[in-house]
Amino acid sequence: MTMKAILVTGGAGFIGSNFIRHVFEKTRFAGKIVNLDKLTYAGNPGNLADIGEKYGNRYVFVKGDICDQRAVLALMRKHRVARVVNFAAESHVDRSIFGPKDFIETNIHGTFSLLEAARRYWLDDPERSGNSPSRGSRPALRFHHVSTDEVYGSLGKTGKFRETTPYDPRSPYSASKASSDHLVRAYYHTYGLPVTISNCSNNYGPYHFPEKLIPLAILNAVEGKPIPVYGDGLQVRDWLYVEDHCAAIWCIMEGGRPGRTYNVGGNCEMKNLDVVRGICAGLENLFPAAENPALRGRKYADLITFVKDRPGHDRRYAIDFSRIKRELGWRPSVDFKSGLHKTAAWYLDNPKWVKSVKTGRYRRWLGKNYSR
């Protein structure tokens, strides 16, 4: 890309930080990345501690809120932003059930404020200048919005989500993301703002905050704690290794058609219970239970504990990603077994990071019972 700067919102979170690493380390991009993050509980500057050292002034971190439209607009102007990638979101379904307000504020109002800032920047701020510039004189801006397959609701035993699947959100989280998707599309159809949207399946990989299934299961197993599984554990999810997801987003940013939505999936449907069993089996190779003093003679699988199912728990997700494969040539490259092995190995090899998210300001967010 010839763009000079990318504004990444929520870049200190799980997917956002992996995306920044991907752009710097796996692409030919030679410009600047501006990371705007509010640093809520899952935003961790430690996710990118080495990036500033490696890339100097090509990486700029700004602590801030996407709801602050003036601040966002000022950043766009200062750094001459050519692309905006919106990862900033409250994303944990359980938290949304028992505390939906933050999800409405960040996911809906925040996306609106970001869109408004982008639109004003794209129009060269006619309210300030008193002029409405021609299309040719506008900044070369593209806006990409990262969303979820949960906006589509729940599938039966067969079928997959397509980009044309009607929205049917079942939780405050998915409803807030559905609302933000509609806002992004509205800004394309109403104002002509060049936008793209991606709806992805369940991500996993390094730097994942340990409240989600895979990192929670890995860390609880290593520490000899119960591994909670909702209901009967037969809920099906399509799993996508986070590096594959980041590569898909980059493909969309390079060649995606404005106004287009792209589903991104891992072609990997797994029951939650099988995922947890796979983690237990994989840990036996990385850190045998017999060598783990926290297990006290037990096996990792002995820690699996069924808990009360959460309200409105969707039964099955599956993604049809044929559009992005056909139009942009993307497909997942990491199979689930190897991806899970790499993920578990990363958590075992990074105890300092794990300790940082289990202490200090992060500690109060872990270990809560959201299934009550």
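The values are calculated or read from the model by the stated rules, or taken from the named source; none is laboratory data. Not measured: the values here are computed from a predicted model. Positions of Cβ are backbone-derived with ideal geometry, glycine not excepted, and every protein chain shown enters the neighbour counts.
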Total residues in the range 319-344, condition of a type in the set (S, T, Y), loosely packed, with under 14 Cβ neighbours inside 10 Å and either in contact (Cβ under 8 Å) with a residue 12 or more places away in the chain or assigned to a strand (DSSP E or B) (or both): 1
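So that you can scan it fast, the table gives a plain yes or no per residue for (1) loosely packed, with under 15 Cβ neighbours inside 10 Å; (2) part of a loop (DSSP other than H, G, I, E, B); (3) in contact with a Leu (Cβ under 9 Å, 6 or more places away or on another chain); (4) among the acidic types (D, E):
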{"site": "R237", "(1), (2), (3), (4)": "no, no, yes, no"}
{"site": "E243", "(1), (2), (3), (4)": "no, no, no, yes"}
{"site": "I252", "(1), (2), (3), (4)": "no, no, yes, no"}
{"site": "R257", "(1), (2), (3), (4)": "yes, yes, no, no"}
{"site": "N263", "(1), (2), (3), (4)": "no, no, no, no"}
{"site": "L283", "(1), (2), (3), (4)": "no, no, yes, no"}
{"site": "T305", "(1), (2), (3), (4)": "yes, no, no, no"}
Any hit, the range 104-111, residues being modelled with pLDDT of 95 or more, in a helix (DSSP H, G or I), more than 22 Å from P311 (Cα to Cα) and in contact with a Pro (Cβ under 9 Å, 6 or more places away or on another chain): no
Y173, sole failed condition from (1) at pLDDT below 95; (2) surrounded by 24 or more Cβ atoms within 10 Å (Cβ to Cβ); (3) over 21 Å from the mean Cα position of the chain (by Cα): (3)
Filtered residues of the range 280-317 (kept if at pLDDT below 95 and closer than 22 Å to L240 by Cα): H313, D314, R315, R316, Y317
Every residue from the range 306-356 that is over 26 Å from S96 (Cβ atoms) and hydroxyl-bearing (S, T, Y): S322, S333, S338
Qualifying strands (runs of 3 or more DSSP E) (wholly inside the range 1-103; at least 2 residues being touching a residue at least 40 places away in the same chain (Cβ under 8 Å), closer than 27 Å to N202 by Cβ and not hydroxyl-bearing (S, T, Y)): 5-9, 32-37, 83-86
When residues of the range 198-235 are limited to those that are of a type in the set (F, W, Y) and within 12 Å of the chain's Cα centre (by Cα), the one surrounded by the most Cβ atoms within 10 Å (Cβ to Cβ): Y204
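Conditions tested, residue by residue: (1) crowded, with 19+ Cβ neighbours inside 10 Å; (2) more than 18 Å from the chain's Cα centre (by Cα); (3) charged (D, E, K, R).
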residue	(1), (2), (3)
I15	yes, no, no
F19	yes, no, no
K38	no, no, yes
Y41	no, no, no
G52	no, yes, no
L73	yes, yes, no
H79	no, yes, no
Selection count where residues are at pLDDT 95 or above and either among the small types (G, A, S) or not in a helix (DSSP H, G or I) (or both), scope the range 209-227: 7
Matching residues in the range 155-166 - criterion: being within 17 Å of F321 (Cα to Cα) and either crowded, with 16+ Cβ neighbours inside 10 Å or not hydroxyl-bearing (S, T, Y) (or both): L155, G159, K160, F161, R162, E163, T165, P166
So A88, is it of a type in the set (G, A, S) and surrounded by fewer than 17 Cβ atoms within 10 Å (Cβ to Cβ): no
